[in-house]
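Data first, discussion second: the structure below is written as structure tokens.
No lab work stands behind these numbers, since they all come straight from the coordinates. Note that this is a predicted model, so its numbers are computed, not measured. Quick reminder, even Gly has a Cβ in these numbers, built from the backbone with ideal geometry, and neighbours come from all protein chains shown.
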Amino acid sequence: MNPALLRRGLVYALLSLAAFISVFPFYWMIIGATNASADIIRGKTTPGGALFANAATFFATVDAPRIFMNSAIIAVVGTALTLVVSSLAGYGFEMFRSRIREKLFALLLLLLSIPFAAMMVPLFVMFSQAKLVNTFVAAILPTVASIFIIFYFRQATKAFPSELRDAAKIDGLNEWQIFLYVYMPVMRSTYAAATIIVFMANWNNYLWPLIVLQTADNKTITLILSALTSAYTPDYGMLLFGTVLATLPTLVIFFLLQRRFVEGMLGAVK
Amino acid sequence: MTDMSTRWKRTLCVALTGISIVTVAAASASAGEISVWVWDKAFNGDTMREAGEIYTKAHPETTFNVDDTASQDDIRAKLQTQLLAGSTEGLPDIVLIQDDIAQKYLQSFPGAFEPLSDSIDMSVFAPYKVAAATLDGKSYSVPFDSGVTGLFYRSDYLEEAGFTAADLENITWDRLVEIGQAVKEKTGKQLLDLDMNDTGVIRMMMQSAGEWYFNEDGSLHITDNAALKKALETYAKFYQADLVKPVSGWAEYTGAFTNGEVAVVPVGVWITATIKANADQSGKWAVAPIPRLDMEGSVNASNQGGSSWFLLSSSDNKEEAIDFFKTVWAGDQDFYQDILIKRGAVGSLLSAREGEAYKASDEFFGGAPVWQNFSTWLGQIPSVDYGTFTAEVDAAVAAQLPTIIQGGDIDAALQAINDQAQQQMQ
Amino acid sequence: MAQSGLARSERINGWLFVMPALVLLGLFMIYPIVWSLWMSFQVGKGMNLSFGGFANIQRLTKDPVFIRALINTFTFFIVQVPIMITLALLFAVALNDSTLRFRGLFRTAIFLPCVTSLIAYSTIFKSMFAVDGIINQTLMALHLIASPISWLGDPFWAKVTIIIAITWRWTGYNMIFYLAALQNIDRSIYEAARIDGVPAWARFRYLTIPMLKPVILFTTVVSTIGTLQLFDEVFNLTGGTGGPSDSTVTLSLYIYNLTFKFMPSFGYSATVSWVIVLVVAILSFLQFLVARDRKVKSS
């Protein structure tokens, strides 16, 4: 047998297996949304007829439009701000080297490792004194400057061709124009990946919104679903219907942006 | 390239507009509105809503805002963060707290909760509930649901193995193991399902003998705790006789008995709604008194869980809240009948037991007067001091369970529990 | 003259680009962190705190749960991170082949675990790894095991289950970074190598790996920190206990328990947090050192 063909077959087999293992719990979640709670506990893995009943219970229990709107505002605004602030910083740290900023950057990486639980009380004191408790501002602000995303952009910037920057300078662009007109379009796949990652993190963010968003009408879908899980007699059908809904936004964003990964460095050389 | 840059500019614009959207003002509680934190919509949430409605009907200026959108763990995290931060603006007026952690809050945050025994007569409630929230002679809670335990069992399985209801009356745990072996032989069913991360069964065994993890002065009562030792031995027996279906987590735990995989469930009365949710099993269930330990002082009654209402000192509506507690929670018999029928909530108001609902029989449990029985057992629960470090000792006990079920030495395990807990209590 | 003007603009721009991030981090990280460092010298429960010097550090060395958490966290880190990084890299390279069919489908499928909600995923993992669950049934049908394994009930297998769960959830996530990075690599280099007859494995070893090095370093550091802060999986799969027998308790879970579940002991939990910082400091330093070393050798 042709070794190239054999290798190709192996790759497909490996990917199919990985895909199956990856998709199964997701499939189970969707199937669960169509089954009654008792059937789910019994381990039923075939589609059932309770989808509409589950949906009805979910919408009767959760003020879905309001809650999803809260989640969307926090995730979208948070993601946009994080991308701007953190990519600027990642670019800045990589492109303009100075000894003091290198030290600062190393320090930031260390801070990345502090568990959030350790900072929660002082953070809460700050927002409480600023009279911002129970606002979206409080939910979003601490996440905007993400060391993680700064680090990501800095590492990705290492692959940014310096000739492009030199050429742009010769064309008379200043540093900010280079960032806006050259760097951002060239690094589209990096931005796409970062968008997915940051959006997902914001959408699923738990501990801080839990503490800082006080009233029921300001909560996010992630918080609401978690509370539903811990009921004495959870309605798993309704719960899984809710989790399917809550998963859709991230999935859609991933689906829309994943094409960017294959486009490569378009635009850069135009 | 130009096309590209306009798109990025547009993104920036959207982002900046976004900032102005998020500056929505905080919704603050309006005057005369009593806010309450609870953790289960169908059980304590709807019960509190109903209590609020009764009060609002008589006092239209006082309304209630019951928030059930956080789990019990979440409520603890929120409460603790804000009390530690010394910030009260996000706190509710009333919060529901489980009895076994009440002392922890009362002692770590002095002044955070309002003493209620000066204005409310606590003698109307089950004494062991009041004791759980009493510190320095003052009681800080209005007791809500009781965690009085019962041995829920599948009467059809037991019958198949030749046992009658009388065979389960006032037995010891050792006898239950024997019954379990016979049931397994006849029906192939395991006796019970246990989650090794949960010490609930061990605690209810221990409390049935009036013991807990601590001495009166708060020091550890582990190595010389005969009830705890007996409880751990019994726990090991379940496994050694191969009568356990091991489970992990709440879904699996409830799934095992609602699917008919096990014969008995020793648990607090609050499980009733979960069991009755399977209407097709009506008539196949019954409830017996919880078994006792085979030792002096152990009775056929115990407790698991249960919670009480606490009033925050920072509340702006203290007077209304206390009056509400007095008229509804400490006085309204009909309310207690109603929440029992609707939600299976066994309250702690002693006189409520005389009501009609408590006397009714339940077809689901073979026509037995289950509520009457639970009320009787409720009066027999030995009162214990849960202390402030129950969670720490629980963790230490759970850490020893895998060794114990494999036949490990119980005294050595007790020593290890003692050492770990000692370390944690610093 | 022009030269120095340029240098000054470089200097100013260097600060301007990073300024928004630094201001926000200063406010929302540095202040809380300094506070928590101060707290780590405080002893006492709840609001009754007093200065205790190094008492918390002494307590650490004698705390069996802390030592178990430290060992568990390291076990997870040492076993899990290499498996995940290797798998993610393999998937990314396989999916980067433009002649491969159904690439979008595979990409989405492998990415799915990290968007699957924690609730759904922990519920199904628990049911799959139950004693009578599908995993045991399959293994027994294949005659790989004689009797069912108590996955979440046995201290050793519980660790294995947690490692499987983390790998399942985060491999696709790490793959995204590699896929994005592979797109930034100039394809003509590959073409040239291919035409020159360089075999596939050599192209992977000598072209792909070196070019991905910044991103590999990034994912390794981030996964290291992620594993050292491991919380979600353990909390949800073990009902918040880190059991059985503390076999899966992690430093983060212990911090959570010290802060919210046990008698609130904030000073002590802050001390445990700083242990993580210390560990990460050492590990990151080593990782950077290794990366830098290789760079020197290869150039």
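Sort A:236, A:12, C:268 so that the residue with the fewest other Cβ atoms within 10 Å of its own Cβ comes first and the one with the most comes last.
Neighbour counts put them in this order, fewest first: A:12, A:236, C:268.
For chain B, give me the percentage of DSSP beta bridges that are antiparallel, rounded to the nearest 5 percent. Don't skip to the answer; put the middle values down first.
Working: 24 of 37 bridges.
The antiparallel fraction comes to roughly 65 percent.
If each residue of separation counts as 0.36 nm, what is the full-extension length gain between residue B:215 and residue B:411 once their alpha-carbon separation is subtracted?
Extra length available between residue B:215 and residue B:411 comes to 68.7 nm.
From the helices alone, meaning DSSP H stretches of at least four residues, give me the mean residue ellipticity at 222 nm for chain A, per-run term -39500 (n - 2.57), in deg cm²/dmol to the nearest 500.
Result for chain A, helices only: -22500 deg cm²/dmol.
List the aspartates and glutamates whose Cα lies under 18 Å from the Cα of residue B:326, skipping any in the same chain that are fewer than 8 positions away.
B:33, B:50, B:53, B:61, B:93, B:114, B:118, B:121, B:145, B:316, B:334, B:338
For region B:165-195, which GluC sites (Glu not before Pro) pass both filters: DSSP loop (anything but H, G, I, E, B) and at most 11 other C-beta atoms within 10 Å?
B:169
In whole angstrom, how far apart do the alpha carbon centroids of region C:23-84 and region A:56-77 sit?
Centre-to-centre (Cα) distance: 35 Å.
List every residue whose amide H lies under 5 Å from the amide H of residue B:125, counting only residues 5 or more places away in sequence or on a different chain, with H placed 1.01 Å from N in the peptide plane.
Here the answer is B:350, since their amide H atoms fall under 5 Å of that of residue B:125.
For chain B, what is the calculated [θ] at 222 nm in deg cm²/dmol (nearest 500), taking -39500 (n - 2.57) for each run of four or more DSSP H residues and dividing by its residue count?
Calculated at 222 nm, the ellipticity per residue is -13000 deg cm²/dmol.
In nanometres, what is the gap between the two model label sites at residue B:167 and residue B:186, each 7 Å from Cα along Cα-to-Cβ?
Label-label distance for residue B:167 and residue B:186, simple model: 0.4 nm.
In which sequence would A:94, A:175 go, from the one with the fewest C-beta neighbours within 10 Å to the one with the most?
Ranked by crowding around the Cβ, least crowded first: A:94, A:175.
To make sure I understand the rule: partners must be lysines, Cα under 18 Å from the Cα of residue A:44, and not fewer than 8 residues away in the same chain. Which ones qualify?
C:126
Search the structure for amide H atoms under 5 Å from the amide H of residue B:135, placed 1.01 Å from N in the peptide plane, and list their residues when 5 or more places away or on another chain.
B:140
Please give the calculated 222 nm ellipticity per residue for chain C, where each DSSP H segment of at least 4 residues contributes -39500 (n - 2.57) and the sum is spread over every residue; nearest 500 deg cm²/dmol?
-23000 deg cm²/dmol
Once amide H atoms are built 1.01 Å from N in the peptide plane, which residues 5 or more positions from residue B:221, or in another chain, come under 5 Å H to H?
So residue B:221 has HN proximity to B:214, B:215.
Output wanted: per-residue J couplings in Hz (rounded whole) for region B:72-87, from phi through Karplus 6.51 cos²θ - 1.76 cosθ + 1.60, θ = phi - 60°, x for Gly and Pro.
5, 4, 5, 4, 4, 4, 5, 4, 5, 4, 6, 5, 5, 6, x, 10
Pick out, in residue order, every one of the GluC sites (Glu not before Pro) in region B:289-363 that is DSSP loop and has at most 16 other C-beta atoms within 10 Å; say none if there are none.
Loop-located and lightly packed - B:296.
Sort B:245, B:230, B:138 so the one with the fewest other Cβ atoms within 10 Å of its own Cβ comes first.
Ascending number of Cβ neighbours within 10 Å: B:138, B:245, B:230.
For chain C, which span is the longest to avoid every loop-located (per DSSP) member of trypsin sites (Lys or Arg not before Pro) having at most 14 other Cβ atoms inside 10 Å?
Value returned for the longest uninterrupted segment is C:102-299.
Using the Cα centre of chain B as origin and beta-carbon charges of +1 (Lys, Arg) and -1 (Asp, Glu), tell me which of B:335, B:134, B:69 is placed farthest towards the positive end of the dipole.
Towards the positive end, the residue furthest out is B:69.
I want to check the label-to-label distance for residue A:8 and residue B:59. Put each point 7 Å from Cα in the C-beta direction and report it in nm to one decimal.
8.0
Determine the dipole magnitude for region C:63-298: charges of +1 sit on the beta-carbon of Lys and Arg, -1 on that of Asp and Glu, nothing else is charged, the reference point is the Cα centre, and the result goes in debye to the nearest 20.
Using Cβ point charges on Lys, Arg, Asp and Glu, region C:63-298 gives about 660 debye.
Would you mind pulling out the separation of the Cα centroids of region A:215-263 and region B:156-210, in Å?
Cα centroid to Cα centroid, the span is 40 Å.
Report ³J(HN,Hα) in whole Hz for each residue of region C:242-247, in order, from the Karplus equation J = 6.51 cos²θ - 1.76 cosθ + 1.60 where θ = phi - 60°; Gly and Pro get x.
x, x, x, 6, 6, 6
How would you classify chain C from its alpha-carbon gyration tensor, with a ≥ b ≥ c the square roots of the eigenvalues: rounded for a/c under 1.5, else prolate if a/b is greater than b/c, otherwise oblate?
Because a/c hits 1.5 or more and a/b fails to exceed b/c, chain C counts as oblate.
How about region C:38-133: which chymotrypsin sites (Phe, Trp or Tyr not before Pro) there lie in a loop by DSSP and see at most 14 other Cβ atoms within 10 Å?
Sites meeting the loop and neighbour criteria: C:54, C:102.
Using the crude model of +1 on Lys and Arg Cβ and -1 on Asp and Glu Cβ, and no other charge, please compute the dipole size for the protein assembly as shown relative to its Cα centre, in debye to 20.
5740
How large is ³J(HN,Hα), in whole Hz, for each residue of region A:69-77 in order, when computed from phi with the Karplus curve 6.51 cos²θ - 1.76 cosθ + 1.60 and θ = phi - 60°, using x for Gly and Pro?
Here the 3J(HN,Hα) series is 4, 4, 4, 5, 4, 4, 6, 5, 5 Hz.
Straight-line reach only, C-alpha to C-alpha below 14 angstrom: list the aspartates and glutamates that residue A:169 could link to, leaving out same-chain residues fewer than 8 apart.
Partners within reach: C:10.
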